[in-house]
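First comes the structure, then the notes that go with it.
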Amino acid sequence: MQVDVLVIGAGIVGLAVAFRLTQYYPDWRVAVVEKEPDISLHQSGRNSGVLHSGIYYRPDSEKALTCRAGKQLMQEFCDSEGIPYEICGKVIVAGDENERAALRSLYERGKANGVRCQFIDSSRLRELEPSVRGVEAIHVAETGIVDFRKVCHRLAHRIGEAGGSVLTRARVIRVDERSSEVIIQTTRCDFRARYAVNCAGLYSDHIVRLSGQQPPAQIIPFRGEYYMLTPDAHHLCRNLIYPVPDPRFPFLGVHFSRTIEGEVECGPNAVLAFAREGYSKAAVNLGELWQTLSYPGFRRLARRHWRMALAEGWRSLHKRAFVKALQRLVPEVRAEQLVPAPAGVRAQAVAPDGTLLDDFVWIDTARMVHVVNAPSPAATASLAMAERIVQRLSRRF
């Protein structure tokens with residue numbers, strides 16, 4: 001099949017890129033290939049559905065810039081498409097005196113990023129979230145919630161309306177980048193594309209290698225395990241309740257998130273997954289596990305942060321430990337009020353020196369753009385990320 005641009009991966013970033021291409025270049029043939037039988041089955045469909053404000057990210061980083069712009073674009077897209085969302089706000093809570101300094105630093109970062117946020121004392125915190133206990137908090141009024149799966153399906157629909165195509169059950173098995181085109185072989189059919197964009201998420205580094213390049217980092221899968229509050233406990237969380245994050249890690253800590261469907265998620269923790277799509281403790285892919293364990297960057301990461309890994313693993317194996325972490329924010333929550341919920345897997349890029357890459361990372365070749373690291377807040381930022389990627393492609397046109 002001959003196309004102008006082929007996008008690999010039908011998660012929210014890949015679909016957003018294809019959508020933007022059909023808007024800016026309506027005469028071009030744009031296709032998306034996805035190895036699964038449906039779209040958005042991995043990170044895009046297994047997240048907590050939060051429209052992030054951009055408070056956490058280093059000013060002028062790709063995450064900060066695209067999250068702020070992407071959130072506005074996402075709200076505009078949802079408005080135009082009739083997709084329900086809600087700007088409900090969130091609180092980031094300092095549980096004790098030791099967390100005040102980190103909370104202050106987070107507030108300054110938010111203000112530098114243009115986030116509408118304010119410090120609140122414990123009495124105002126109780127007004128917003130009566131069940132939360134903390135010495136002070138940041139109230140981020142502009143944070144919201146949405147169902148990103150609905151966004152993905154609407155993007156796919158718009159791509160089809162514009163003459164593009166989204167092909168499922170099409171796993172990429174070979175990439176041959178030449179001077180004038182990219183030949184991509186899939187399990188469904190072969191493509192000859194003028195350009196290609198790699199948005200393969202958990203397998204983004206694999207696609208980089210297939211194309212003959214060396215990725216700057218390897219994807220290490222971290223499983224995020226969740227519980228749901230039973231309906232009788234929904235009153236414990238009005239909107240979104242987060243702890244002060246550990247600045248050493250790109251994870252936000254165990255938190256409470258109300259979903260657009262009215263449920264309340266609790267989690268996630270972050271444990272090593274034994275497969276890139278390892279959504280359960282029993283899911284093991286020996287080849288992928290060996291890739292992780294033999295990677296020097298992972299071994300350096302493990303040596304550096306083994307205490308954190310043990311704590312996360314203990315919480316994964318013992319519900320009581322998970323509940324204790326939640327009780328730092330909401331003391332009233334009880335184990336019997338938590339029921340298991342579907343897990344997600346975060347595609348986290350780790351550099352050879354063991355550094356967890358905190359920002360979005362993409363690399364360019366003559367005919368391809370590879371999105372190597374796109375964890376949270378990629379769903380919120382996806383439409384702005386797509387703008388940046390299309391701009392990078394357009395330099396070659």
| request: DSSP loop (so not H, G, I, E, B), at most 14 other Cβ within 10 Å: list which trypsin sites (Lys or Arg not before Pro) in segment 192-253 pass both filters. | output: R248
| said: Only four residue types carry charge here, +1 at the Cβ of Lys and Arg and -1 at the Cβ of Asp and Glu. Report the dipole size of segment 112-198 about the Cα centre in Debye, rounded to the nearest 20. | reply: 460
| message | To test your reading of the geometry: what angle, between 0 and 90 degrees and rounded to tens, separates the Cα axis of helix 378-394 from the longest principal axis of the chain? | response | 30
| said: How big is the dipole moment of segment 265-367 about its Cα centre under a simple scheme where the beta carbon of each Lys and Arg is +1, that of each Asp and Glu is -1, and everything else is neutral? Debye, nearest 20, please. | reply: 460
| segment 189-258 and segment 1-38: distance between their alpha carbon centers, rounded to Å | 21
| Within a Cβ distance under 12 Å of R109, other residues only, what is the Lys/Arg minus Asp/Glu net charge? | +2
| Taking segment 145-175, which trypsin sites (Lys or Arg not before Pro) meet the DSSP loop condition and have no more than 13 other C-beta atoms within 10 Å? | R169
| query | lysines near K324 by alpha-carbon distance under 25 Å, same-chain residues fewer than 8 away left out - which ones? | reply | K90, K281
| field | Selected from L301, T380, V361, residue furthest toward positive end of dipole (segment 297-397; charges at beta carbon) | value | L301
| remark: Relative contact order of segment 113-239 (C-alpha contacts under 8 Å, at least 6 apart) in percent is 18
| Using θ = phi - 60° and the Karplus curve 6.51 cos²θ - 1.76 cosθ + 1.60, what whole-Hz ³J(HN,Hα) does each residue of segment 218-226 get, with Gly and Pro shown as x? | 10, 6, 10, x, 10, 7, x, 9, 10
| message | For V372, what residues show an amide H to amide H distance below 5 Å, using hydrogens built from the backbone and excluding near sequence neighbours? | response | V361, W362, I363
| said: Relative to 2.2 N^0.38 Å, what does the C-alpha radius of gyration of the chain come to as a ratio? Two decimals please. | reply: 0.98
| What FRET efficiency comes out for the pair L310/S61, r = Cβ-Cβ distance, R0 = 41 Å, nearest 0.05? | 0.85
| query | Among G14, G134, G212, which one shows the biggest mean-square fluctuation in a GNM of the chain, springs joining Cα atoms closer than 10 Å? | reply | G212
| query | How big is the gap, in Å, between the Cα center of segment 303-346 and the Cα center of segment 354-389? | reply | 29
| 5 angstrom amide H check on C88, placed H, neighbours 5+ away | G144, I145
| task | Using 0.36 nm per residue of separation minus the Cα-Cα distance, give me the extension gain between I173 and L317 in nm, one decimal. | result | 48.2 nm
| query | Given C-alpha coordinates of segment 305-397, what is the ratio Rg to Rh with the Kirkwood estimate of Rh? | reply | 1.15
| query | How big is the charge dipole of the chain about its Cα centre, in debye rounded to the nearest 20, if each Lys and Arg gets +1 on its Cβ and each Asp and Glu gets -1 on its Cβ? | reply | 860
| note | Once Lys and Arg are counted +1 and Asp and Glu -1 for all other residues with Cβ under 11 Å from that of V5, the total becomes +4
| task | Report, in degrees rounded to the nearest 10, the 0 to 90 angle that the Cα long axis of helix 306-317 makes with the longest principal axis of the chain. | result | 80
| For segment 117-211, with the dipole built from +1 on Lys and Arg beta-carbon atoms and -1 on Asp and Glu ones, taken about the Cα centre, which of V182, V208, Q118 lies farthest toward the positive end? | V182
| Any idea which of Y25, H139, L73 is furthest toward the positive side of the dipole for segment 1-157, if Lys and Arg beta-carbons carry +1 and Asp and Glu beta-carbons -1? | H139
| remark: Note to self, the chain gives a 222 nm [θ] from helices alone (DSSP H runs n ≥ 4, -39500 (n - 2.57) apiece, / all residues, nearest 500) of -10000 deg cm²/dmol
| note | Rounded to the nearest 10 degrees, the helix 12-24 long axis (Cα) sits at an angle to the longest Cα principal axis of the chain of 50
| query | So, in nm, how far is label D79 from label R395 when the simple model puts each one 7 Å beyond its Cα toward the Cβ? | reply | 3.3
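None of the figures in this text is laboratory data; all of them are computed from the coordinates on show. Everything quoted here is computed from the prediction, not taken from an experiment. Cβ sites come from the backbone with ideal geometry, for glycine too, and all protein chains shown count toward neighbours.
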